[in-house]
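The values are calculated or read from the model by the stated rules, or taken from the named source; none is laboratory data. Everything numeric in this text was worked out from a predicted model, so none of it was measured. Every residue, glycine among them, receives a Cβ derived from its backbone with ideal geometry; neighbour counts consider all protein chains shown.
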Amino acid sequence: MTSQDGMALAIVHNRNATRNASLLPRVAELADALRRQGRVLQLEAWAQPDVQPHTVPVALARDVLFARLQREWARYRLHDVPSRWRALRHVVKGARRAYLPVQEETRRAMRRMAIEAMVTDKHIRLWLQFLDSDMQSLVVFEDDAVFGERSIQEIVRLRERLSQEPATRPVYIDLAGGCEPRELAVDRLLIGQDERFRHYRKPVTNTACVYLVNRSTVQLFVTQLLQRPWLRLISIDWLMNQLFILSRPGDDSMLCLHADPPIFRHGSTTGHYISWQT
């Protein structure tokens with residue numbers, strides 16, 4: 001291991017005592033195991049204002065943005081792309097139903113939008129803290145991550161594997177799943193599978209429950225965000241997909257792996273937790 005193999009472990013949370021009591025000790029245990037290999041930095045992002053639902057203009061802007069992202073995402077995955085006019089009609093129809101007048105369901109949705117933007121902001125803050133360090137890779141945990149029996153050993157093993165990769169090659173590794181591969185509809189980008197990971201020729205995300213990125217990837221993310229700050233409105237998993245699309249990766253130019261089976265469990269999809277966004 002060299003000085004370039006430092007790993008940061010970062011936690012996104014909202015000071016939920018139950019979740020933190022489960023997650024924080026295991027992350028500390030992981031940090032201790034990784035220190036036997038090299039340097040480790042621990043980061044957290046939890047501060048947030050009181051939740052205020054998005055206003056109707058902001059919600060409408062987000063709806064339009066999301067419709068555009070869905071078209072770009074379909075094209076990126078090599079799927080049929082709905083026409084621009086069809087997408088626009090869908091947005092207009094949904095807006096008339098939701099906002100004229102604003103329904104109770106819409107109010108709840110605007111609150112969820114605000115919470116998603118807060119979570120996205122925490123991820124971005126952690127990316128910036130990571131760039132301010134001299135660590136080479138970053139593992140981000142949301143507070144509904146659940147460790148398995150071999151999670152720590154698997155991350156130690158993965159760190160050794162990544163030490164063989166060029167530092168300039170961007171890396172994204174999904175570690176906790178959440179959505180089934182068939183739900184992601186990214187099979188056209190799958191190029192292989194070994195005993196631990198599915199390999200994709202272009203980077204695609206699952207959920208953002210637990211993921212690993214390296215310095216090159218985070219630099220790409222931040223560069224794109226500085227040019228398009230309005231993307232901060234959307235949820236973190238959609239944001240990362242959009243940042244990958246904007247980075248225009250060539251085939252196999254970025255290392256994209258999805259752990260299969262997942263190294264961690266996504267507690268909000270396995271029943272360990274109920275999502276606090278509701």
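General observations
- Residue in segment 96-115 that is out of contact with any Asp or Glu (no Cβ under 9 Å at 6 or more places or on another chain), within 26 Å of residue 225 (Cβ to Cβ), among the β-branched types (Val, Ile, Thr) and assigned to a helix (DSSP H, G or I) present: yes
- Residue tally, condition within 22 Å of residue 16 (Cβ to Cβ) and either part of a helix (DSSP H, G or I) or of a type in the set (Lys, Arg) (or both), over segment 128-154: 2
- Matching residues, segment 203-217, being over 10 Å from residue 172 (Cβ atoms) and touching a helix residue (DSSP H, G or I) at 6+ places or on another chain (Cβ under 8 Å): 206, 207, 208, 209, 215
- Leading residue by the ranking (modelled with the highest pLDDT) among those in segment 123-166 that are more than 20 Å from residue 13 (Cβ to Cβ) and among the hydroxyl-bearing types (Ser, Thr, Tyr): 137
- Here residue 115 passes the criteria (1) modelled with pLDDT of 90 or more; (2) farther than 20 Å from residue 238 by Cα; (3) out of contact with any helix residue (DSSP H, G or I) (no Cβ under 8 Å at 6 or more places or on another chain); (4) not aromatic (Phe, Trp, Tyr) except the one numbered (2).
- Checking residue 77 against (1) basic (Lys, Arg); (2) at pLDDT below 95; (3) surrounded by fewer than 16 Cβ atoms within 10 Å (Cβ to Cβ), the condition it does not meet: (3)
- Only residues that are among the polar types (S, T, N, Q) and either assigned to a helix (DSSP H, G or I) or over 19 Å from residue 137 (Cβ atoms) (or both) were counted in segment 176-217, giving 4.
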